Every structure is written in structure tokens, then in C-alpha cells.
Amino acid sequence: MDYRSEIALLSEHIARLAQANELDLPVPSCPEWTLGDLVFHIGSVHATWAKIIEEASPNTHHQHPVDDVTDDLLVVWFKNHTKALLKSMAEAVPEARCWTWWGEPRTVLAVERHQVQEAAIHLWDVQNSLGAAPALDRDIARDGVAEFLLVQREFMTLPTDARISLVANDAPESWFVGAPGAHDVALTGSSSDVVLVLHGRLAMSALDVVGDVGIAHEWLSSFDLS
């Protein structure tokens, strides 16, 4: 997957929707946020990661204040920060080292991968607020499940010796979390539904659940997605 191209396409889609709709539109999947808040958030994320990549300092994290912007300039401001992020990525080799909040891999490529997911999920947020949220692209969603399990690994808690299976029914792919051995619960659905459940955008009922439902609930509630 060409991560940079996906970031550009997803971000442009967000910008078009923001340009075409009222910025005070509520975003139900991001409580207390409006469309304007969401666009400002993503632009701020792009600005911050651009600076982090440019610093090339994998063991040090500096604060990067983001400039404020008025609503009438928000979309242009957002596009400029997306361009800055893509420029920083293009000027660094994928293996270049930089700080990440999830620890290793601390590389530009890992940031690129993560930013595809950030843009894809937030595009879904926008589309959902407009009442027409399609499924995520299958390849993005498949990569998103694995990426989520990687970056959230330190925050996942399971009962001792428990195991969870995540199964995509639209691809020959499955993922496992927890102790080796037979699974205690299996969650099955489309790649898109699986990753949206992981990100708290859909309820677990969107998936076919076989096994100990309590373990699945405990695991899914252990993620700090703030």
C-alpha cells in the first residue's frame, strides 16, 4: 500500500466534505465534537507529525503548539498542514527514525501507516455524521486491524490465559490476542466492521461473537482511545 497516496486521498475527501457542509455539524462518533473540531484535530495531528518527522529524534518528544485558525480559513489551513506532513514524509526515507507514542517501530513508515488509519477512521466519522458512512476500503481495514493491535498492544488487558480471535470474513485473515491455545472468544465480521469495532465506532454487536462474551467486552473496554 502506498501510504502517502492514501493519506493524500483520504485527507482531500475530508476537506471536500468540510467545504460542502456546515462546520457546526455534530459528529456523533466523536462526542462533543463538531465537523469543524474534527477537521481542526486532524490538521493539528498532521502538523504535529510533520514536526516530529523533521526532528528525527526517536527518543525525545517535544511539544509542538499548533496555530489557531478561524472557521473561514479552516479548510485551507487543514490542506496546508496535510501538504506539510506529506512533504516531511517525502523528504525522509521510510526507515528514518522518529518518535512515536506507541514505541517501536519508531520509523517514518510506521507514522505513515498510522496516519492512513487516522484519516480513514475520521473520514468515516465525517461520513457517518452526514448519514452515509460506507465500509472502509478492505485493504485499508485489513491493515488497520494489524496496525491497531500493534500500537495499542501496551494498553490491552485480558484475563489471565484468555485468548481472542479476530476473523475477517471478507479476506483469508485472522488475528490473535492473548495466551496461546484455543480461543475463549472469536469475533468475526468484515475487515471494515472489525476495525471500526476496535476503534469504538461500532458496537460489538456488529460482529458475530462465539464464546465468552464477557472476555470480549472486558478486552474492548480496556483501550484508551482518547
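Each value in this text was obtained by applying a stated rule to the coordinates, not by laboratory testing. As the structure is a computational prediction, the values presented were derived from the model and not from experiment. All Cβ positions, glycine included, derive from the backbone under ideal geometry; neighbour counts span all protein chains shown.
Brief remarks on what is shown
- Karplus (6.51, -1.76, 1.60) ³J(HN,Hα), θ = phi - 60°, over the stretch 168-185, in Hz, Gly and Pro reported as x: 8, 8, 10, 7, x, 9, 8, 9, 10, 10, x, 6, x, x, 4, 6, 7, 8
- In a reduced charge model with +1 at each Lys and Arg Cβ and -1 at each Asp and Glu Cβ, the chain shows a dipole moment near 380 debye about its Cα centre.
- Between the helical axis of 74-90 and the longest alpha-carbon principal axis of the chain there is an angle of about 70 degrees.
- Loop sites in the stretch 1-96: GluC sites (Glu not before Pro), DSSP, at most 13 other Cβ within 10 Å: E22, E32, E91, E95
- Ranked for footprinting exposure by Cβ neighbours inside 10 Å, fewest first, E112, E118 give E118, E112.
- Degrees separating the helix 3-20 axis from the principal Cα axis of the chain, which is the longest one: 70
- Rg/Rh ratio calculated on Cα atoms of the chain (Kirkwood radius): 0.98
- The stretch 135-209 - Kirkwood radius from inverse mean 1/r over Cα pairs (Å): 12.5
- When only the Cβ of Lys, Arg, Asp and Glu is charged (+1, +1, -1, -1), the dipole of the stretch 57-122 relative to its Cα centre reaches about 260 debye.
- Near E12: Cβ cut-off under 15 Å, other residues only, Lys/Arg at +1 and Asp/Glu at -1. The net charge is 0.
- The loop-placed chymotrypsin sites (Phe, Trp or Tyr not before Pro) in the stretch 69-136, going by DSSP, that have at most 11 neighbouring Cβ atoms within 10 Å of their Cβ come out as W101.
- Order by protection proxy (mean Cβ within 10 Å, highest first), peptides 194-202, 145-153: 194-202, 145-153
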